Amino acid sequence: MAPPAMGQSFMSANVKKPLFHKRSNQQEVIGGEIGVGEELSYLLLVNFSPIHRAKCRIINEATRGYLLRSGERSGVTMFCSEKKSLEVERIVKANDHEYNEKFQYADNRIHTSKYSILTFLPINLFEQFQRVANAYFLCLLILQLIPEISSLTWFTTIVPLVLVITMTAVKDATDDFFRHKSDNQVNNRQSEVLIDSKLQNEKWMNVKVGDIIKLENNQFVAADLLLLSSSEPHGLCYVETAELDGETNLKVRQALSVTSELGADISRLARFDGIVVCEAPNNKLDKFMGLLSWKDSKHSLNNEKIILRGCILRNTSWCFGMVIFAGPDTKLMQNSGKTKFKRTSIDRLMNTLVLWIFGFLICLGIILAIGNSIWESQIGDQFRTFLFWNEGEKSSVFSGFLTFWSYIIILNTVVPISLYVSMEVIRLGHSYFINWDRKMYYSQKAIPAEARTTTLNEELGQIEYIFSDKTGTLTQNIMTFKRCSINGRIYGEVHDALGQKTEVTQEKKPVDFSVKSQVGREFQFFDHSLMESIELGDPKVHEFLRLLTLCHTVMSEENSAGELIYQVQSPDEGALVTAARNFGFIFKSRTPDTITIEELGTPVTYQLLAILDFNNTRKRMSVIVQNPEGQIKLYSKGADTILFEKLHPSNEDLLSLTSDHLSEFAGEGLRTLAIAYRDLDDKYFKEWHKMLEDANAATEERDERIAGLYEEIERDLMLLGATAVEDKLQEGVIETVTSLSLANIKIWVLTGDKQETAINIGYACNMLTDDMNDIFVIAGNTAVEVREELRKAKENLFGQNSNFSNGHVVGEKKQQLELDSVVEETVTGDYALIINGHSLAHALESDVKNDLLELACMCKTVVCCRVTPLQKAQVVELVKKYRNAVTLAIGDGANDVSMIKSAHIGVGISGQEGLQAVLASDYSFAQFRYLQRLLLVHGRWSYFRMCKFLCYFFYKNFAFTLVHFWFGFFCGFSAQTVYDQWFITLFNIVYTSLPVLAMGIFDQIALDTSYWTFINHVFIWGSIAIYFSILFAMHSNGIFGIFPNQFPFVGNARHSLTQKCIWLVILLTTVASVMPVVAFRFLKVDLYPTLSDQIRQRQKAQKKARPLSSRRPRTRRSSSRRSGYAFAHQEGYGELITSGKNMRAKNPPPTSGLEKTHYNSTSWIENLCKKTTDTVSSISQDKTVKL
Amino acid sequence: MEETPPHCLSRLPDNSALKQQELPAHQLYFTATRVLSAFFTMGIFCLCMGIILIVSARSTQEIEINYTRTCANCAKLRETASNFDKECTCSIPFYLSEKMMGNVYMYYKLHGFHQNLYRYIQSRSNRQLMGKDVKAVEDCSPFKTSNSNTPIVPCGAIANSMFNDTIILSYNINSSAQIKVPMLKSGLTWWTDKYIKFQNPSFKNLADEFRGTTKPPNWPNPIYELDEKDPRNNGFLNEDFIVWMPGAAFPTFKKLYGRLNQTHHFKEGLPAGNYSFNITYNFPVTRFQGEKSVVLSTLTWCGGNSLFLGLAYTVTGAVTWLASFAMMAIHTMLKSKKRSFFHQ
């Protein structure tokens, strides 16, 4: 490999001596939250949007669960950022410890734990006292230690404080213990290291930078390695990066050819003394720049040569690598970062409430202090002799000042520390209920719902806006080939049972499960006419199917049973290739240079000359193949809008016909691709190919040149037709959307998909209906256009209301006003807004932002299509900021991560495309429909429970504490308490904590009635029992004998409680407090019945519930011609195929043969599961549709 | 990464009532019959209770005689601390129009004496009063030790300010003959106070036990000479002392001083007739604009003659009952309205 320019510039930059600061060998990785797990459970969250660039985190899914994120106490800090500035570049010499030690690189030991035994107490305490509540109670404690103002003994505060702090500390300690355990487990993993020319087993933590280590199949990679050689040809090796980026497909890494020659020759490897100069440790997973200098030549290194820690070696029996980054410097660990903690509005409310209460407390304190001053000067004077004897006189003002503080101490119980703890406990309980809910368990994939954040439950009950991703969330991301248009004729319009028969006769091979799993099982395209056309040998139809069989990046392989398995990169392609296969054009196998297919039973091998890969700007992919007759053809498939521009002028008639068909498909919500080919001249192709090779070798503007060449050859295409693939909705989406909008929750669809597809999904989900008064489509390409469109839409919306078309200046002033408070005007009728990504970019500019928001919030449904992940987040932020509404974002893929992170609540759909969304989310479950239960049951209950809990809590504490205020007027404002100190100490944490908790956890708002389970009973009666037992214990002779000063109440309880009038007073108090409430609630039901009261009455009256009317999806809206193009495909696969890198080795090494099959088949096992489950669901769905 | 096998049910949450939030529960429905009947019964119960309480409170008898003004000269004398050794007595005659039946209790009552001040209440030493360590005065500030650093027994502000009037009730059998009404100085305290909370160091010689200590500054005599007549009623076990020591919650309070010894003339209680209180006036109250009275009272099962609880019950009962009527009226009215609405 020729050393590219990059490497040279790198070396020239290298002349400067690298800057290194002294660093401790054992870098502490603070913030990585790593627990025990069978696997190395560092799962890393890749951040896509720039705003979240810095916020990455590592999460362990196996053990830590939601507890992990439940508190701020983790105090996560980024350590990597400060280090980056220290190391400018890294120089590593293989097999040379002495050389490398000069730089004091971190070794491979990782520390995700935060504490050691010695540092635990100080650090943990320090962290805990950073919490406002704890600090506040510490202040109180200090106040109490001042004898002059101490009105309560120290234990009234220290007992709850110590209890709370101990509980937290124990939790932190356990967490940290598990982190230590997992650190140890990880650090003690064995790996084979080349030491003294021998392979020796060494613990991971002892692996040093520059070491050469040997990895075997299915092993975790110990550190970031430079791949030197592997068992596979060309120095290839395969890694699974699921733990890094959540992608389950295998990635290919290739060693430099010079190093791959080393093979497994230990002696040669031991002599390897290359020097790697590379970038300093960083957290970019997909970038690596470096230079290997060995044997007087230099080789540039890129990401392809690097195996990162956290990956698993697959399909490769062994490989050797040289450690470049170890331990905390690895990219995996560098990506550990701060987790952003979300707070709920109840939290914020409570914070303000608590502030108000503090204010109130200070007011009370001031009143009592003034009272004390007055009392002291009027009456207290005369009591001086009783109190002070021969002490110095005090001024009444000073006494008032001291009294103020004393009362602050006494009255602090209005906001007791147990409030915060109780809230955490309640939320934890609610989270468990979510985890335990069988109604949110997706049995087909064995995925239960998971509350990953425990602190947000009650926010679920206040959601006003839901931002939903489309693919994988609303839809199943399962594509079925439904229709096609070939040469101006539509096929696939007949869906009858006869079609089934056709298929059976047509399929020569036995029904192949694995094949079907790739497509989605219900292949119901069995239009006779297409079969007939094939049999008749219609050349266009054959060409069409041939194209589908040839133009793709699908990989095929045979499993042990000899069945053909397609490994697809995008489900659209899978659907197309499998469709072609079902029609007799079977894609059999491919090598880097050939594609073997079976055309109606005859195997044909095409020479694959080039793959013109797909990317998002091209929106098409092409292959150039040469058939056995030597004809060179370019087959292309892609977006109709793009492809139609590339057509040969002779296609005009067909174009208009096909374009009609396409818009018909699009109207049905199908995803369309246009299909075209071009016959190439041999000479022309050769010239072009040479230019392409030149361009590939170019160092400058390589991509641009290649793109230009692609453009050059992809022209004068001959249109063949179009395909239509159905994007299936998830189960229960329609019902969920209906009930959520009945609950006045607005659902916005934010999708990267095309406008038309998105609109059609909107129709399918019942979000858009033909009943709607108007649907505004904002698709302007410039700011002015967008502004105008928005203005028009608004005018339309407000009808005669001329206020809004008052000209520019007035409008702007108005906007300014409205930005502060967006007033919701009442708009009659349903409206929908559809806006695409381009327009959104303009609309999100500050001056139009408010127009957009106002318009959008008036609309029942908003669909934003073709939005980038960043825009998703921006839309969410916009609503969050200017609407002050509680938002929820739900998505399944990496592109939803930013949105999930910015919304108040992020929900991840688990069991889909990877884990990023789930990892970033606060809640995760397997199906969109569970959102209904999450919000309308769990959220609602949590919110009510939390509100009730807070009311109850504040009530009991006010009732408890304000007694002291009133007593102040009797005791000369001397801060004497009414209750004994122990009662004050235990009131909140022992006597009254459990009943409130039980209510907060178990109460249900079933028709606005209180819900007393046996647990509530146990807690209430138990608390009373505990109260009395503690009371009698504290008032017993024994404890007085031991601590006469602390427990001077001997005999009080038994003497008071034998007094009859005490019981009479208790009874009277109970009656007098309960009766008004009961009367109020009784009258409220009569006078101002709530909805649930009415329902209950109606239920009583009619003895039957009215079924919820669910609207069926309306007939499709046939509008102007639009494109239904959609294609889920990624760039880069074409290159892989042509390079042959991902081709299976013809003769798999004997050691790994079995494992290989096994591991390759994981994906089909997964698909098989999907298949079986989906069959069930689809059958049921089909039934409902048919009925 | 291993894949979860299909249909693996191990992750299926348990189907327990607790986890599925389906625990059987009481749901409080406020149905008309339930609420109204509860109100009716509660109302009747409270009314009855109130009447019973009022009747029984009215059956008690109580006489309260305020002697602050009657003994104005003594009060004046006591305003000057230097006159502490000058004895001042004061006699207050009164007429008992109705005889007081059964156990009669004599109380002294202080008005405006703040026994509930924080510093006052804290200023005592339970360890000392238990008799274990008579020199344990650490909590008694500022009455810990005398000026010569000898620990005060009993220490603290409460003990120092002990009520020290002597009140003798005399009965005029006829115009000339006066007999002293026998009052018991025992059984005034809780058992736990007498036998656990307050203990003398030993029963032998109190004066020896308290050697090395000094009396509180306001006291005329040391603790072991509180009751000259009954040697057992001395030291920390002195009933008056025990009665004084618990702080009263409000500035106006009464404390038990003695109970009638039902013998001779007084077997059935105090007969009607002329009585007088002979008071040795020691305790100064005018200095803090306080007043003091002496109270004679009989008790019933529900305490003294305070009508408060009875009245509170009556009022609550009446309100509940009225409320139940009002609620019934509103409910039936709305119900018929709704019914007619539904029938239309």
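The values are calculated or read from the model by the stated rules, or taken from the named source; none is laboratory data. Since we're looking at a predicted model, the values are computed, not measured. Virtual Cβ from ideal backbone geometry, glycine too; neighbours counted across all protein chains shown.
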Looking at (1) hydrophobic (A, V, I, L, M, F, W, C); (2) closer than 19 Å to residue B:151 by Cα; (3) buried (at least 18 other Cβ atoms within 10 Å of the Cβ), find the lone condition where residue B:188 falls short.
(2)
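Residue by residue, here is whether (1) within 14 Å of chain A (Cβ to nearest Cβ); (2) on the phi > 0 side of the Ramachandran plot; (3) not in a loop (DSSP other than H, G, I, E, B); (4) not basic (Lys, Arg) holds:
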site: B:193; (1), (2), (3), (4): yes, no, yes, yes
site: B:201; (1), (2), (3), (4): no, no, no, yes
site: B:204; (1), (2), (3), (4): no, no, no, no
site: B:208; (1), (2), (3), (4): no, no, yes, yes
site: B:242; (1), (2), (3), (4): yes, no, yes, yes
site: B:247; (1), (2), (3), (4): yes, no, no, yes
site: B:251; (1), (2), (3), (4): yes, no, no, yes
Matching residues, the range A:223-264, being acidic (Asp, Glu) and modelled with pLDDT of 85 or more
A:224
Going through the range B:121-132 in order, the residues found to be modelled with pLDDT of 85 or more and either more than 8 Å from chain A (Cβ to nearest Cβ) or buried (at least 24 other Cβ atoms within 10 Å of the Cβ) (or both) are B:122, B:123, B:124, B:125, B:128, B:129
In the range B:27-68, residues that are part of a helix (DSSP H, G or I) and among the β-branched types (Val, Ile, Thr) total 8
For the range A:260-313, which residues satisfy the criterion of being under 25 Å from residue A:241 (Cα atoms) and aromatic (Phe, Trp, Tyr)?
A:288
Test residue B:17 against the criterion of being surrounded by 15 or more Cβ atoms within 10 Å (Cβ to Cβ), at pLDDT 75 or above, over 30 Å from residue A:241 (Cα atoms) and more than 7 Å from chain A (Cβ to nearest Cβ), and give yes or no.
no
Counting only residues that are free of Cβ contacts under 8 Å to residues at least 60 places away in the same chain and either buried (at least 20 other Cβ atoms within 10 Å of the Cβ) or of a type in the set (A, V, I, L, M, F, W, C) (or both), how many does the range A:664-687 have?
3
Residues that are surrounded by 15 or more Cβ atoms within 10 Å (Cβ to Cβ) and either modelled with pLDDT of 85 or more or not in a helix (DSSP H, G or I) (or both): does the range A:819-827 have at least one?
yes
For residue A:981, indicate whether it is modelled with pLDDT under 85, within 28 Å of residue A:423 (Cβ to Cβ) and surrounded by fewer than 21 Cβ atoms within 10 Å (Cβ to Cβ).
yes
Hey, among the residues in the range A:966-982 that are touching a Phe, Trp or Tyr at 6+ places or on another chain (Cβ under 8 Å) and of a type in the set (Phe, Trp, Tyr), which one's nearest to the other protein chains (Cβ to nearest Cβ)?
A:970
Unique match (being at positive phi and at pLDDT below 85) among A:630, A:721, A:732, A:669:
A:669
Exactly one of these conditions fails for residue B:212: (1) surrounded by 13 or more Cβ atoms within 10 Å (Cβ to Cβ); (2) touching a Pro at 6+ places or on another chain (Cβ under 8 Å); (3) more than 14 Å from chain A (Cβ to nearest Cβ). Give me its number.
(1)
Could you tell me how many of the residues in the range A:144-160 are part of a helix (DSSP H, G or I) and surrounded by 20 or more Cβ atoms within 10 Å (Cβ to Cβ)?
4
Can you tell me which residue among A:1000, A:1038 is over 30 Å from residue A:430 (Cβ atoms), among the small types (Gly, Ala, Ser) and more than 7 Å from every other protein chain (Cβ to nearest Cβ)?
A:1038
Condition check for residue A:171: over 28 Å from the mean Cα position of the chain (by Cα), basic (Lys, Arg) and either outside any loop (DSSP other than H, G, I, E, B) or surrounded by fewer than 17 Cβ atoms within 10 Å (Cβ to Cβ) (or both)
no
When you check residue A:661 against the structure, is it buried (at least 18 other Cβ atoms within 10 Å of the Cβ) and of a type outside the set (A, V, I, L, M, F, W, C), yes or no?
yes
Step by step: first the residues of the range A:1041-1081, then only those that are assigned to a loop (DSSP other than H, G, I, E, B) and within 16 Å of residue B:301 (Cβ to Cβ), then the one that is nearest to the other protein chains (Cβ to nearest Cβ). Which residue is that?
A:1059
Go through (1) surrounded by 21 or more Cβ atoms within 10 Å (Cβ to Cβ); (2) at pLDDT 80 or above; (3) not in a loop (DSSP other than H, G, I, E, B) for residue A:552 and report which single condition fails.
(3)
Residues of the range A:671-724 satisfying the condition of being closer than 16 Å to residue A:632 by Cβ, part of a loop (DSSP other than H, G, I, E, B) and hydroxyl-bearing (Ser, Thr, Tyr)
none
What number of residues within the range A:416-455 satisfy the criterion of being in contact with a Gly (Cβ under 6 Å, 6 or more places away or on another chain) and among the basic types (Lys, Arg)?
1
